[in-house]
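For reference, the structure discussed in these notes is given below.
The values are calculated or read from the model by the stated rules, or taken from the named source; none is laboratory data. Computed from a predicted structure; not experimentally measured. Quick reminder, even Gly has a Cβ in these numbers, built from the backbone with ideal geometry, and neighbours come from all protein chains shown.
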Amino acid sequence: MAATTTATPQAAEQAGPVTRAPSRFSWSGVRTYVGVAIIIIWGLAPAYWMVVTAFRDVGFTFDTTLYPTHVTLDNFRTAFDTSLGNHFGLALLHSVIIGVVTTALAMAAGVFCAYALARLEFRGKYLLLGGILGASMFPPVALVTPLFQLFTNIGWINTYQALIIPDISFALPLTIYILTAFFREMPWDLEESARIDGCTQWQAFRLVILPLAAPGLFTTAILAFIAAWNEFLLASQLSGPATQPVTVAIADFQGSQPHQEPYTAVMAAGTIVVVPLVIMVLAFQKKIVAGLTAGGVKG
Amino acid sequence: MSEAATDVQAPPEPQKPQRRRKSWFNLSEGGGVPMLVAPTLILLAIVIGYPVVRAVIMSFQKDPGLDKATGLFVAGGPAGFSNYTHWLLAQCVAAGGGTTTCPAGNLGSQFWTAMFNTVFFTVVEVAIEIVLGLWFAMIMHRKFHGRGLLRAAVLIPWAIPTAVTAKLWYFIFAYDGIANHILHTHILWTAGAWSSRFAIIFADVWKTTPFMALLILAGLQIIPDDVYEAAKVDGASAWQRFVQITLPLVRPALMVAVLFRVLDVLRIYDLPAILTNGGGGSGDATTTLSILVIDQIRQGFNSAAALSTITFVFIFLVAFVFVKFLGANVIETQEAERKGAN
């Protein structure tokens, strides 16, 4: 119950960093930093292990030394090697295409709906908001059977639209919900002021509102992209060799021996997939947390 | 969408406020609502509405296949509720044309195992995540140097795709892996019924607790400090403050977080599908409802449609109970958080 003894934070909050300078040793402070250390280890340790293994020689796959040993780049070469039927490089490209198009479509439709939800009063507004939230919690498995049958019948399995269309089902509600939250916090009065100063509505939108909305739009796009990038269930059923995204490629990664998992190569592939995500997360950490808590994004 | 885009730049009307309400083009007066929401509604009707309705229709059709009694190929046709009883009562078509209990190994006999696994994962994971999430959130709520680092660290498990997470934990839980090394055990994690379930729960709790903590943190941040100050002046202990102030005031946010996570675990697929392939124990110890649907798809669309409909209705009912009886009011809670944050 160390977490419950928050004796100092309130005091520290009010006094700000001024009191921190002379502050001496306190048990509560120690407990905070121990807790912080535990959480950071929680978040980073397994991911760290993936990266360490990715750089470890395949002969030492199960070496349990906690720091990098037998460092090599071979695993990354194996990850991109196509001789065993793995097409990881292509899969990266497929995932980018699917993610970008899904995000673009979701943003294009979602931005208008979110604007209406955030700015305008109309009948059925809360019903719509609730419906969109419900849609974002929708189990993808309820879509996959009819879509699988339909796409098989019309020959769409192994096409991009067979993945992009179902991805809209979660990307669009997500986009709308997060954007609505961002739009509500915008200083819309400025739009009015711009109009009074002689801007047309379009000018007010382009010159005043758009620059202010850009960070929120950008964060929403990142979150929608991550959701599409991480999707596995629909892709595992509806993709083919020409559209297979990275999540499916990694799950199906083949080793040189049947029934023998190529752990180090898979960890290398995983590292490649995760690095851009981690960079985005680090760069936009604050905005992403705001978007996440507004949208209740699934991982 | 493109029509709507052009409407934004549409007429810079002269200032005639009394006429604006009629215009479909003037966004700031509420006139353009139908056009603003139409693209969304049309898209959602296509990508969610159509498949759901189609699945329900399919679920009342027979799967074409070989008739065991005659050996002849039978076309589909109306099935009544037989696809549903196949799952709920584990009834299969008997040789004579009647029904019989599905033999072991038939997917129909796995329904209740899958239901148990899904509910078990949900209850255990969410219970652990409430406790850990609350603890994480209370630590993150304190003031200290490096809050940015902490939040970034917390987002990493969330950002890693579940498919990669599953492979990562598959490696960690390998026989020669680091889990057995640290614990000094020699467990075949993904083989036993309970060890494989444990592996799934551990991996999923690792991935989603940070998210839970962030949602709870949003609720903690709107509790005014003076409430704590007053309680402290009145001599309330830290424990009393937690139980009598923090818990009741954070409850709305907590309920929302729990609702999100419950609905999320009820549809769990990626992790058990990759980490244990639904196996463990006698072969279905980590098969969830979603995995069972996917297993069924290539054996018969219509039967799979019935199972996915059951899954959907079940999840819907759980959500309904949460919102109706447990007071998980997502929209109101998040509105309050927004206002509190300003």
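Which residue out of A:Leu117, A:Leu105, A:Leu143, A:Leu147 is buried (at least 21 other Cβ atoms within 10 Å of the Cβ), touching a residue at least 24 places away in the same chain (Cβ under 8 Å), more than 22 Å from the chain's Cα centre (by Cα) and closer than 21 Å to A:Asn230 by Cβ?
Answer to the selection: A:Leu147.
State which residue is surrounded by the most Cβ atoms within 10 Å (Cβ to Cβ) when the search covers only the range B:315-328 and only residues that are within 21 Å of A:Ala142 (Cα to Cα) and without any contact (Cβ under 8 Å) to a residue 60 or more places away in the chain.
Filtering the range B:315-328 for residues that are within 21 Å of A:Ala142 (Cα to Cα) and without any contact (Cβ under 8 Å) to a residue 60 or more places away in the chain, the one surrounded by the most Cβ atoms within 10 Å (Cβ to Cβ) comes out as B:Ile315.
Do we have any residue at all in the range B:17-26 that's small (Gly, Ala, Ser), surrounded by 15 or more Cβ atoms within 10 Å (Cβ to Cβ) and modelled with pLDDT under 60?
The answer is yes, given that some residue of the range B:17-26 is small (Gly, Ala, Ser), surrounded by 15 or more Cβ atoms within 10 Å (Cβ to Cβ) and modelled with pLDDT under 60.
Which one of B:Ala285, B:Ala328 is modelled with pLDDT of 90 or more, under 21 Å from the mean Cα position of the chain (by Cα) and either more than 10 Å from chain A (Cβ to nearest Cβ) or assigned to a loop (DSSP other than H, G, I, E, B) (or both)?
B:Ala285
Here are some conditions: (1) surrounded by fewer than 24 Cβ atoms within 10 Å (Cβ to Cβ); (2) in contact with a helix residue (DSSP H, G or I) (Cβ under 7 Å, 6 or more places away or on another chain). A:Ala162 meets all but one. Which one does it not meet?
(1)
Inspect all residues belonging to the range B:64-74 and state whether any of them is more than 24 Å from A:Ala290 (Cα to Cα), at pLDDT 90 or above and either surrounded by fewer than 19 Cβ atoms within 10 Å (Cβ to Cβ) or out of contact with any Leu (no Cβ under 7 Å at 6 or more places or on another chain) (or both).
no
Of all the helices (runs of 4 or more DSSP H) wholly in the range B:171-281, which have at least 3 residues that are free of Cβ contacts under 8 Å to residues at least 40 places away in the same chain?
B:178-183, B:225-233, B:238-241, B:247-266
Would you mind telling me which numbered condition in (1) out of contact with any Phe, Trp or Tyr (no Cβ under 9 Å at 6 or more places or on another chain); (2) modelled with pLDDT under 90; (3) surrounded by 14 or more Cβ atoms within 10 Å (Cβ to Cβ) B:Leu254 fails?
The failed condition is (2).
Look at the range A:95-139 and say how many of its residues are small (Gly, Ala, Ser), within 24 Å of A:Gln161 (Cβ to Cβ) and facing chain B (nearest Cβ under 7 Å).
4
Could you tell me which residue of the range A:73-92 is nearest to A:Met267 (Cα to Cα), considering only residues that are part of a loop (DSSP other than H, G, I, E, B) and modelled with pLDDT of 90 or more?
Filtering the range A:73-92 for residues that are part of a loop (DSSP other than H, G, I, E, B) and modelled with pLDDT of 90 or more, the one nearest to A:Met267 (Cα to Cα) comes out as A:Leu73.
Please work out if B:Val293 is closer than 30 Å to A:Gly130 by Cα and at pLDDT 90 or above.
So B:Val293 passes the test.
If you scan the range A:253-267, which residues turn out to be more than 9 Å from chain B (Cβ to nearest Cβ) and assigned to a loop (DSSP other than H, G, I, E, B)?
Correct list: A:Gln254, A:Gly255, A:Ser256, A:Gln257, A:Pro258, A:His259, A:Gln260, A:Pro262.
Hey, could you check the range B:288-313 for residues that are over 13 Å from A:Leu233 (Cα atoms), free of Cβ contacts under 8 Å to residues at least 60 places away in the same chain and in a helix (DSSP H, G or I) and say which is farthest from the chain's Cα centre (by Cα)?
B:Ala304
So which of A:Ile165, A:Ile154, A:Ile196, A:Ile178 ends up being at the interface with chain B (Cβ under 8 Å from one of its Cβ atoms) and out of contact with any Phe, Trp or Tyr (no Cβ under 8 Å at 6 or more places or on another chain)?
Checking each option against the conditions leaves just A:Ile165.
Being among the hydroxyl-bearing types (Ser, Thr, Tyr), out of contact with any Lys or Arg (no Cβ under 7 Å at 6 or more places or on another chain) and at pLDDT 85 or above, is that true of even one residue in the range A:130-143?
Among the residues of the range A:130-143, not one is among the hydroxyl-bearing types (Ser, Thr, Tyr), out of contact with any Lys or Arg (no Cβ under 7 Å at 6 or more places or on another chain) and at pLDDT 85 or above, which makes the answer no.
Take the residues of the range B:228-246 that are among the aliphatic types (A, V, I, L, M) and at the interface with another protein chain (Cβ under 10 Å from one of its Cβ atoms): which is surrounded by the fewest Cβ atoms within 10 Å (Cβ to Cβ)?
In this case the residue turns out to be B:Val243.
Name the single residue that is surrounded by the most Cβ atoms within 10 Å (Cβ to Cβ) among those in the range A:73-95 being free of Cβ contacts under 8 Å to residues at least 12 places away in the same chain and within 23 Å of the chain's Cα centre (by Cα).
Looking at the filtered set, the residue picked out is A:Gly89.
If I filter the range B:257-300 down to residues being under 30 Å from B:Pro64 (Cβ atoms) and among the β-branched types (Val, Ile, Thr), which single residue comes out as surrounded by the fewest Cβ atoms within 10 Å (Cβ to Cβ)?
For the range B:257-300, the residue satisfying everything is B:Ile297.
Assuming B:Ala4 fulfils every condition listed in (1) within 11 Å of chain A (Cβ to nearest Cβ); (2) surrounded by 18 or more Cβ atoms within 10 Å (Cβ to Cβ); (3) at pLDDT 65 or above apart from one, which condition is it?
Here B:Ala4 meets the rest and fails (3).
For a quick check of your reading: which helices (runs of 4 or more DSSP H) sit entirely within the range A:176-238 and have at least 1 residues that are surrounded by fewer than 21 Cβ atoms within 10 Å (Cβ to Cβ)?
So the answer is A:189-196, A:210-230.
If you check A:Thr65 against the conditions, is it over 30 Å from B:Met58 (Cβ atoms), more than 7 Å from every other protein chain (Cβ to nearest Cβ) and part of a loop (DSSP other than H, G, I, E, B)?
yes
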